[in-house]
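Shown next, in structure tokens, is the structure this report addresses.
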Amino acid sequence: MEIERKFLPEKLPEHLENYKMHRIEQGYLNTDPVIRIRRSDDDYYLTYKSRGLLSREEFNLPLNARSYEHLKPKADGRVIEKRRYLIPLDNGLTVELDVFEGDLAPLILAEVEFENEDEANAFVPPAWLGPDVTFDPHYHNSTMSRPDYKL
């Protein structure tokens, strides 16, 4: 189960170079239900996600580089490229800060994952995270992969 809230930071935090970063590339073979392929650095996955905004089922299966490259041309719409920074919060949670590249730049999205919905609903975000867009499907990566998507 994936339980997360999404935010729209208005600017990048200072000293991003001090945080762990992953280069991510992902494409969508289907958007309803979501079937995604992802390369995160040198790791490759096929992911299924059910419908939902705050919480939804998520299943990951490992791929190898050859399988990923075989599936990549089959992706519908754009292949999303982003840098993901992992920024720890004082309460033991982590902000996954996505800085989009290519035609989705200069979009910045932040996600925080939780153990349960009560924890997610009780979370008071730091001000720098910006507006909560958890319930706006416009900010789902699967939506952003569509060729007609506009920032």
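Laboratory data are not the source of any read-out in this text; all were calculated from the coordinates shown. In this text, all values refer to a predicted model and were calculated from it rather than measured experimentally. Cβ atoms come from the backbone with ideal geometry, glycine included; neighbour counts cover every protein chain shown.
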- Task: Return a whole-number percent for the relative contact order of the chain, with Cα pairs under 8 Å and 6 or more residues apart as the contact set.
- Result: 31
- Considering only Asn30, Leu8, Tyr48, whose Cα is most displaced toward the positive end of the charge dipole of segment 1-67, charges sitting on Cβ of Lys, Arg (+1) and Asp, Glu (-1)? Asn30
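Give me D for the chain in µm² s⁻¹, whole number, from Stokes-Einstein with Rh from the Kirkwood sum over alpha-carbon pairs, 4 °C and 1.567 mPa s. Don't skip to the answer; put the middle values down first.
Values: Rh = 16.0 Å.
Reported coefficient: 81 µm²/s.
If R₀ is 22 angstrom, what is the calculated FRET efficiency for the pair Tyr48 and Glu69, using the beta carbon separation as r and rounding to 0.05? Provide the component values of the computation, followed by the final result.
Values: r = 20 Å, r/R0 = 0.91.
Result of the calculation: an efficiency of 0.65.
Sort 58-66, 44-52 by packing, meaning the average of other beta carbons within 10 Å per residue, with the highest value first. Mind showing how you got there, number by number?
Details: 58-66: 11.9, 44-52: 15.4.
The densest-packed peptide leads the list: 44-52, 58-66.
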- Pairs from Lys11/Lys72; Lys49/Lys72; Lys6/Lys49 whose Cα-Cα separation, in the structure shown, is over 23 Å: Lys11/Lys72
- Based on the Cβ-Cβ distance of Ala127 and Asp41, what FRET efficiency does E = 1/(1 + (r/R0)^6) give at R0 = 25 Å, to the nearest 0.05? 0.25
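Can you give the charge dipole size of segment 33-102 about its Cα centre, rounded to the nearest 20 debye, using +1 on the beta carbon of Lys and Arg and -1 on the beta carbon of Asp and Glu? Working shown, then result.
Details: 13 positive and 12 negative charges, 73 e Å.
With only Lys, Arg, Asp and Glu charged at Cβ, the dipole is about 360 debye.
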